[in-house]
Each structure stands twice: as C-alpha cells, then as structure tokens.
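Enquirer: I have a structure I would like to understand better, so I am pasting it below and will then ask my questions one at a time.
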Amino acid sequence: MNFVWLEDFRTLAATGNFSRAAEERHTTQPAFSRRIRALEEWLDADLFDRSTQPAKLTEVGEWFRGVADELLARVARVQGEARIVAESSSVTLRIAATHALSFTFLPRWLRSLESRTTLGPVQLVSDVLQRCEALMLQSKIQFVLSHAHPQARGALDAEPYLSAQVGQDQLVPVSAPNKQGKPQHRVGGRTSGEVPVLQYTAESGLGRIARAVVGSRLESVPVRVAFTAHLASVLRPMALDGRGVAWLPQTLVEDDMAAGRLVAAAGDDWNIPLEIRLYRDRRPVGSAAEAFWRTVVSEPAP
C-alpha cells in the first residue's frame, strides 16, 4: 500500500470530482484514477460510488476516511517521536509559544520557575497558534504555551494532550484616545456611523477566541473591518495610530493603558477573560521535560 494513495483518497473524498482532485494532486486524471483503483483493489472493496455526481463515499469509504486520517497523522508524528526518543536524556526544553506570550508572559514566567528549580537550555519557537499546534501534533516540540478559552477549544484540548493553567490574561477592546482622553472609536453606546475594527486572521488563536466569544455580538453593532493581521503585536501599533478598535491582551497593552496611549473602547462586559495554558503530549517527553512539567503542575493555580 502506497501512502500517496491515502492523500489521493482524502482529496477525492473532499471534492467528489476526479478531475478537480487530480488537479489538486498535480497529476493527470487517468493516473489519479488508476491510483484510486489500486487502493480499492488493495482493500478489495469499492470506496466510491461512481454512479453519482459528485462521487460519494461508500459505507466502506466512510469507514476508511477515519482510518486514512489516523494513518497519515501517525506518519506525520513519526519523525518528531524519533527525535523525542533520541533526546530522552537531553536537558534542552523545546517550547512553542504564541507571539504575544513570547514577548510578555513567557520571560517572567520562566524567571519565576527558575527561582524554585534549575532549568536547562530552552529552545523557543514563536509563531501563530495554528503552527504551534501543528508542531505539537508532529511531536517536534515538547510544550505549547498559548492563550485559551473554554468556548474556543483547539486541537490540543483533547486526547492525547494534557494541559495546565499557568496564568491569566484578558482581551481588552482598546482605542487611541482623543484630545479629551476619551476613545476615538467606541464599541457600544451611541455612535455615528460604523466603528472601524482591527481584526485577527483565521490562523490566530486570539482571533479564534474573539470570534467565538464576541463575534455574534459584533454582528449586531455597526462595525467595519479596517485592518486584519495574524498578530496582536501588529494590531497594537495600528490601534495606537488611531485606526480602530482592537481586542488586545492586557499583558501586551497594560503599559500603554497606564500611560494613556490606549484607552478602553467598550464596557467591561466586552472584555474576554483568558487562561494561559501549557500543553504537552500525554506520552513521555524526556527526563528534563518531565521534570519541568512536574515543577509547573506543582505551582498553585493562578
């Protein structure tokens, strides 16, 4: 059985169209059809009902879709798992953290842990949450540090992953002030015209949370999307420049708010409480990483 066939199968299952699936797989339709047929012959069962347009999965095909997903996910983790075995005695901690926490929470948190235990070298990857999750799913890192909210569960909020809350934060709608110190742009209350909003992209973990918690409320408010970006650190200067309202982590903007460079752009009921969580795989991650985890979970809940 060729693993290429599994990718072919998943593509055809998603599109139901042989021509489009072949194009997405960068091959000719005859060659693509032969590979699908070869997979069916290997299984000794039809995976697709070709009498309908688009082609539909048979009962066996529906079952095999889960099998194919599981096999490909397992293969994607092999390289990372081999690295974990090879580095079982390594003292290096491999952590992926979202950009906002890499710049604000992480340095202070590590410093507090170092006051109670000895940490070895730390290898940090700073990226958007979606890519941090992908690194964990591939077993390329030992820990992911990110914001979390119960209404916006992610790929790591399920088996086989564990997590521990290590801090608190909140998303605060902020705006640059006018000359009177009031917000230039305000969500809720009396407004004349649409309020410009600075929005996160779909890849952003903070965007995932903001959409889940206040997205439906914003639909009833006259707003327009003025700017979109992956990172809170990119939306912050746009807010400082007076371009609109942005929901930013309090840990990122507390100095700006204390200095009056940014002010609250809505009532407290628009704030979004956040957990800061550390995620890991349930399986062993090496002696140094296991010791680090024990230190983290022994901390009182924040």
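Enquirer: Taking the Cα of Phe3, stepping 7 Å toward and past its beta carbon, and measuring to each backbone N in segment 139-159: which are under 18 Å?
Expert: 139-141, by backbone N distance to the label point.
Enquirer: Using a 1.4 Å probe on the protein chains only, how many percent of the accessible area of the chain belongs to carbon and sulfur?
Expert: 51
Enquirer: Taking 2.2 N^0.38 Å as the expected size of a compact globular protein, what ratio does the Cα radius of gyration of segment 154-292 give against it, to two decimals?
Expert: For segment 154-292, the normalised Cα radius of gyration comes out at 1.21.
Enquirer: Would you work out the charge dipole size for the chain about its Cα centre, treating the Cβ of every Lys and Arg as +1 and the Cβ of every Asp and Glu as -1, and quote it to the nearest 20 debye?
Expert: Dipole magnitude for the chain comes out near 760 debye.
Enquirer: Suppose only helical runs count, i.e. DSSP H with n ≥ 4. What mean residue ellipticity at 222 nm does that imply for the chain under -39500 (n - 2.57) per run, divided by all residues and rounded to the nearest 500 deg cm²/dmol?
Expert: Roughly -13500 deg cm²/dmol at 222 nm, from the helical runs in the chain.
Enquirer: With N residues in segment 210-302, what two-decimal value do you get for its Cα radius of gyration over 2.2 N^0.38 Å?
Expert: 1.47
Enquirer: Once R0 is set to 45 Å, what does the formula 1/(1 + (r/R0)^6) return for the Cβ-Cβ distance between Glu24 and Val122, expressed as a FRET efficiency to the nearest 0.05?
Expert: About 0.70, to the nearest 0.05.
Enquirer: To continue, here is another question. Which angle between 0 and 90 degrees, to the nearest 10, do you get for helix 29-43 versus the longest principal axis of the chain when only C-alpha atoms count?
Expert: 80
Enquirer: Which value results for Rg/Rh of segment 15-102 when Rg is the Cα radius of gyration and Rh the Kirkwood radius based on the inverse mean 1/r?
Expert: We get a ratio of 1.19 for segment 15-102.
Enquirer: Could you state, as a whole-number percent, how many of the C-alpha pairs of the chain are farther apart than 25 Å?
Expert: Every Cα pair in the chain considered, those over 25 Å come to 60 percent.
Enquirer: Another question about this same structure. Residues of segment 34-49 with the amide nitrogen closer than 17 Å to a label point 7 Å from the Cα of Glu70, along Cα-to-Cβ, please.
Expert: Label zone hits: 43.
Enquirer: May I pose another question? So what's the angle, to the nearest 10 degrees on a 0 to 90 scale, between helix 3-15 and the longest Cα principal axis of the chain?
Expert: It is inclined by approximately 70 degrees.
Enquirer: What angle do you read, to the nearest 10 degrees and between 0 and 90, between the alpha-carbon axis of helix 59-86 and the longest principal axis of the chain?
Expert: It is inclined by approximately 60 degrees.
Enquirer: Now for a different question. Taking the highest mean first, how do the peptides 245-252, 58-65 order by number of other beta carbon atoms within 10 angstrom per residue?
Expert: Top to bottom by mean Cβ count within 10 Å: 245-252, 58-65.
Enquirer: Evaluate the relative contact order of the chain (contact order divided by residue number), counting alpha-carbon pairs under 8 angstrom at least 6 apart; express in whole percent.
Expert: The value is 22 percent.
The values are calculated or read from the model by the stated rules, or taken from the named source; none is laboratory data. Just so we're clear, the structure is a prediction, and the values are computed from it rather than from any experiment. Because the Cβ atoms are built from the backbone with ideal geometry, glycine has one as well, and the counts that use them run over all protein chains shown. What goes into the accessible areas is simple: the full protein's heavy atoms, side chains included, and nothing from ligands, DNA or RNA. Shrake-Rupley method; radii C 1.70, N 1.55, O 1.52, S 1.80 Å.
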